[in-house]
1. Looking at (1) under 23 Å from A:LEU370 (Cβ atoms); (2) surrounded by 17 or more Cβ atoms within 10 Å (Cβ to Cβ); (3) among the aliphatic types (A, V, I, L, M), can you tell me which one A:LEU205 breaks?
2. A:PRO413 passes all but one of (1) within 14 Å of chain B (Cβ to nearest Cβ); (2) in contact with a strand residue (DSSP E or B) (Cβ under 9 Å, 6 or more places away or on another chain); which number fails?
3. Mind counting the residues in the range A:474-496 that are under 18 Å from A:GLY96 (Cα atoms), in a helix (DSSP H, G or I) and of a type in the set (A, V, I, L, M, F, W, C)?
4. Condition first: more than 14 Å from chain B (Cβ to nearest Cβ) and either surrounded by 13 or more Cβ atoms within 10 Å (Cβ to Cβ) or over 30 Å from A:PHE97 (Cα atoms) (or both). Now tell me which residues in the range A:497-510 satisfy that.
5. Having 3 or more residues that are in contact with a Phe, Trp or Tyr (Cβ under 8 Å, 6 or more places away or on another chain), closer than 30 Å to A:CYS152 by Cβ and modelled with pLDDT under 95 is the bar; report the helices (runs of 4 or more DSSP H) wholly within the range A:72-132 that clear it.
6. Condition test on A:ALA239, is it at pLDDT below 90, crowded, with 24+ Cβ neighbours inside 10 Å and either in a helix (DSSP H, G or I) or among the hydroxyl-bearing types (Ser, Thr, Tyr) (or both)?
7. Looking at A:ILE236, A:ILE228, which is the one that is under 16 Å from A:VAL55 (Cβ atoms) and more than 14 Å from chain B (Cβ to nearest Cβ)?
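The values are calculated or read from the model by the stated rules, or taken from the named source; none is laboratory data. None of these values were measured; they are calculated from a predicted model. For neighbour counting, all protein chains shown are included, and Cβ atoms are generated from backbone atoms with ideal geometry for every residue, glycine included.
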Amino acid sequence: MAEEVKTGAGQVKSELRRDVSVWGSYMWGFADVGADTFVALGLVMAYAQGATSLVFALAGIVYIMIGFAYTELASAYPVAGGGPYFCLRGLGDFWGFIAGSALLLDYTIDIALFATASSGYLNFFMPFVLGRTIESFAMTIGPLHNVNPVWCVETLVLIGILIWLNVRGIRESSFLNEIVGILVIVTESALVIVGFLFAWKPELLAAQWHTQFPSLHNLMYGSSLAIISFVGLESISQAAQETRRPATIIPRTSLTLIFTVFIFAVAFSTLGLGVLDWKVFAQNMDNPVAVLAHALPFIGFAAGPFAAGLGALILFISANTGVMGASRLTYSLSQFNIISPWFDKVHPVHRTPIRTILIFSCVGLVETILSFLTPSAMDTLGNMYAFGATLGYTMVFIALIKLRFSDPYSPRPYRVPLNVGFKYRGRKVSLPIIGIVGMLGVATILVEVVWTHSIGRIAGPAWILLCFTYYAWYRKKQKLPIFKSVKHDWEKEQIEVLTSAEEFDLLEKYKLALAERDRNRKEIE
Amino acid sequence: MRRAKSTTVGPDYRISRADYYQITVSVLMVILGVVILFRSLQSGISSMTLLVGGGFLGLGCYRLKFVVAYFMERRKCSRR
């Protein structure tokens, strides 16, 4: 997808080519976000119990609002930087760094969590191959309980394969993404239809709702974990950088993606509670969708193994987005002097960003090993994932609101619904009500994470602090302000972005808006 | 830039693969909603199951409203 462009100074600069279509853009997102349900179902069931559908629906409503915010920002600023770029532009360098470090944490956890879950789905076949379950390998080592070295080694091998593939520059093609995405949609739709028609027992759902309702602590814990089934909206902005006419395509594809994922997440949790006891999912946290598929009549004998294989594949692809996302993010951050361009160094033969691939994949490896020393690796990684995601999303909402005031000139092909317009410093601006409600919603989930996740509340801020130490050292070395921003020419950048996206109508509107602003300023002077 | 109030598209709009997928999903949502509601009522009324069935049915109908509006508009245009 990368092409080399000669700059005015004669230097060669790499740029992403815009050749992703509507369908490709949708499938790109679905291969990333759609995989989350395969991980989150078991984790959330273990805590939210009979109220799992409720917490998925609540987290889903917050997620829809986050999706609206990303759609507006990604179509207005179609660059791959995503959340940190929006924060950098709206709130300044320091807050861009905070959002970047939260997202970087999520990318490394993404590698660890999705590789762990991918091997978990592969372990569905273990009883048929080895005659024993993966749980039978768990052991106690000194004060550490339920340590599973076999599962840990499987995960490390998968991450090793990912590192090798990415260093060699072999990435999954958009065609593979589309095939896997279609297979997942067809499989999930088939499971939902067959499940609701032939296996779903409303009385079981109602009974679990009434008799197995969780405690307040578990409800909060479960709802904060439910947000991980909707993580991956960054892929919308990543796709925006490589999409033709992003202003037209991004709103359509991202809104469809948001609602598809929401419907599947709520449908699966509701179906699950009406087919099996929540405890079955809690016991099979490593492959919940395969267990659900296996329990269905008529197709269960084939659907179980098929869903397990497909789950392993899509989760592996999703783990790969962590490696690729970390490279894109570090590249974007280095362009704005948030981190050193040292990270951008490419491999002399394979032309891949070798340093970021190795560093952040190794962070993922360390996180995997440490998480397997806790009683539940999936739970620990889910904890951390939720922290990074909620912190990053809170910042994006703040940036969305701030940008409505500081940059009302950039054309927004899509706007978050429900706005209140008023005059601010002589200009007409509109305040996004859903942006404010969404910010409060996701901030509440962040508070829940800090309150209820014993590991997340320590390790999450510790990661941000570690990144801050590096950021402060680098900025001081470059004689740049730590808490203040370097002067950026955002207008020139926006014109370049819209020109490269071939959004000439928007470009014209933007130039007209700037001209009108300059005229008004002159009149006042 | 303000968005248009109506979200329906004109009769000259060509339906893409993504649109066919969305139409199919909407039809399935209506069918599932009806099945869930019917089965829920059979086993006694429960707020949770009614919410799920009603949710599927309502959302499916809402989405189909746009599809029906589009086809009616197209039919009107072809008669003219």
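1. Single failed check for A:LEU205: (1).
2. Of (1) within 14 Å of chain B (Cβ to nearest Cβ); (2) in contact with a strand residue (DSSP E or B) (Cβ under 9 Å, 6 or more places away or on another chain), only one is false for A:PRO413: (2).
3. 1
4. If we filter the range A:497-510 for residues that are more than 14 Å from chain B (Cβ to nearest Cβ), which is where we start, we get A:497, A:499-502, A:504.
The answer is A:VAL497, A:SER500, A:ALA501, A:GLU502, A:PHE504.
5. A:93-122
6. Numbers: at pLDDT below 90: yes; crowded, with 24+ Cβ neighbours inside 10 Å: yes; either in a helix (DSSP H, G or I) or among the hydroxyl-bearing types (Ser, Thr, Tyr) (or both): yes.
Yes; evaluated as a whole, the condition is true for this residue.
7. On the way: A:ILE236 fails: under 16 Å from A:VAL55 (Cβ atoms).
Testing whether each residue is under 16 Å from A:VAL55 (Cβ atoms) and more than 14 Å from chain B (Cβ to nearest Cβ) leaves just A:ILE228.
Conditions (1) touching a residue at least 24 places away in the same chain (Cβ under 8 Å); (2) among the β-branched types (Val, Ile, Thr); (3) within 14 Å of chain B (Cβ to nearest Cβ), marked per residue:
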| residue | (1), (2), (3) |
| --- | --- |
| A:GLY364 | yes, no, no |
| A:PRO375 | yes, no, no |
| A:GLY388 | yes, no, no |
| A:LEU400 | yes, no, no |
| A:ASP407 | yes, no, yes |
| A:GLY421 | no, no, yes |
| A:ILE455 | yes, yes, no |
